[in-house]
Amino acid sequence: MIDLKNHIRSIPDYPKPGILFYDIGTLLANGQAWRETVRLMSEIVAPLKPDLLVGIESRGFLVGAAVAAHLGLGFAMVRKKGKLPGETLSLAYDLEYGQDVIEMQKGVLKQGDKVVLCDDLLATGGTASAALSLIRKQGAEVLRAAFVIELDFLRGRTRLDVETSSLVRYNQ
């Protein structure tokens with residue numbers, strides 16, 4: 001068994017002083033560790049029998065698309081405003097200092113679709129919570145949120161109203 005923590009690089013003071021950034025770039029660069037990550041995420045998702053997975057820009061695309069391909073499922077994207085072609089649904093949400101907007105293409109999700117939200121990291125839960133709302137706005141049912149990394153000390157899990165799974169957890 002591969003210890004995924006050994007393949008996640010910690011970068012102090014990125015993107016600003018006082019922040020410890022957990023970088024999955026080193027995890028992605030190691031074929032065996034990445035394959036194990038996809039396998040473990042697939043074990044979380046498969047029993048739920050979702051119709052498709054939804055990933056949050058941008059590293060959530062890597063995680064969600066890989067797991068979806070592994071399981072033979074479809075994949076949908078949640079992106080920042082103005083990044084998707086065609087008609088979109090958008091949702092504004094509050095950040096620590098300001099606001100942001102996320103979007104999904106209209107018609108990618110259908111009423112009653114069962115989905116799992118995937119991302120690389122759960123921190124404060126703001127973006128994931130907004131993504132859950134956007135998914136539901138389209139009539140889909142969210143079965144679970146699944147993350148590679150969770151920063152327990154930021155308590156993002158408490159902002160999510162679905163079962164939440166993570167492969168690696170950090171307490172500080």
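Those residues that are of a type in the set (S, T, N, Q) and open to solvent by less than 40 Å² (accessible area, probe 1.4 Å), I need them from the range 150-172; list them, please.
Once the filter is applied, which keeps residues that are of a type in the set (S, T, N, Q) and open to solvent by less than 40 Å² (accessible area, probe 1.4 Å), the range 150-172 yields Thr164, Ser165, Ser166.
Scanning the range 91-129 for residues that are of a type outside the set (Ser, Thr, Tyr) and closer than 17 Å to Glu150 by Cα turns up Val116, Leu117, Cys118, Asp119, Asp120, Leu121, Leu122, Ala123, Gly125, Gly126, Ala128. The numbered conditions (1) over 28 Å from Leu84 (Cβ atoms); (2) not in a helix (DSSP H, G or I) are all true for Arg39 except (2). Picking from residues in the range 16-30 that are modelled with pLDDT of 95 or more and of a type in the set (Val, Ile, Thr), the one that is surrounded by the fewest Cβ atoms within 10 Å (Cβ to Cβ) is Thr26. Between Lys114, Lys80, Lys110, the distinction of being open to solvent by 60 Å² or more (accessible area, probe 1.4 Å) and in contact (Cβ under 8 Å) with a residue 60 or more places away in the chain belongs to Lys114 only.
For the range 144-169, filtered to residues that are free of Cβ contacts under 8 Å to residues at least 40 places away in the same chain and part of a loop (DSSP other than H, G, I, E, B), the residue that is farthest from Asp94 (Cα to Cα) is Glu163.
Scan the range 129-149 and tell me whether some residue there is at pLDDT below 95 and open to solvent by 70 Å² or more (accessible area, probe 1.4 Å). The answer is no, given that none of the residues of the range 129-149 is at pLDDT below 95 and open to solvent by 70 Å² or more (accessible area, probe 1.4 Å).
Note on the range 95-107: residues that are open to solvent by 50 Å² or more (accessible area, probe 1.4 Å) and among the hydrophobic types (A, V, I, L, M, F, W, C) total 1.
Within the range 49-66, restricting attention to residues that are touching a residue at least 60 places away in the same chain (Cβ under 8 Å) and not in a helix (DSSP H, G or I), the residue that is surrounded by the fewest Cβ atoms within 10 Å (Cβ to Cβ) is Lys49. In the set (1) within 29 Å of Gln138 (Cα to Cα); (2) outside any strand (DSSP E or B); (3) in contact (Cβ under 8 Å) with a residue 12 or more places away in the chain, Leu27 fails one condition alone, (1). When Ala69, Ala46, Ala92, Ala33 are checked against the criterion of being surrounded by fewer than 16 Cβ atoms within 10 Å (Cβ to Cβ), of a type in the set (A, V, I, L, M) and farther than 22 Å from Leu132 by Cβ, Ala69 stands alone in meeting it. Only one entry in Leu95, Leu109, Leu53, Leu89 is among the aliphatic types (A, V, I, L, M), modelled with pLDDT under 95 and in contact with a helix residue (DSSP H, G or I) (Cβ under 7 Å, 6 or more places away or on another chain), namely Leu95.
The values are calculated or read from the model by the stated rules, or taken from the named source; none is laboratory data. Only a predicted model underlies this, so the values are computations on that prediction, with no experimental measurement involved. Using ideal geometry, Cβ is built from the backbone for each residue, glycine included, and neighbour counts are taken over all protein chains shown. Calculation scope for accessible area: heavy atoms of the full protein, side chains included, ligands and nucleic acids excluded. Shrake-Rupley method; radii C 1.70, N 1.55, O 1.52, S 1.80 Å.
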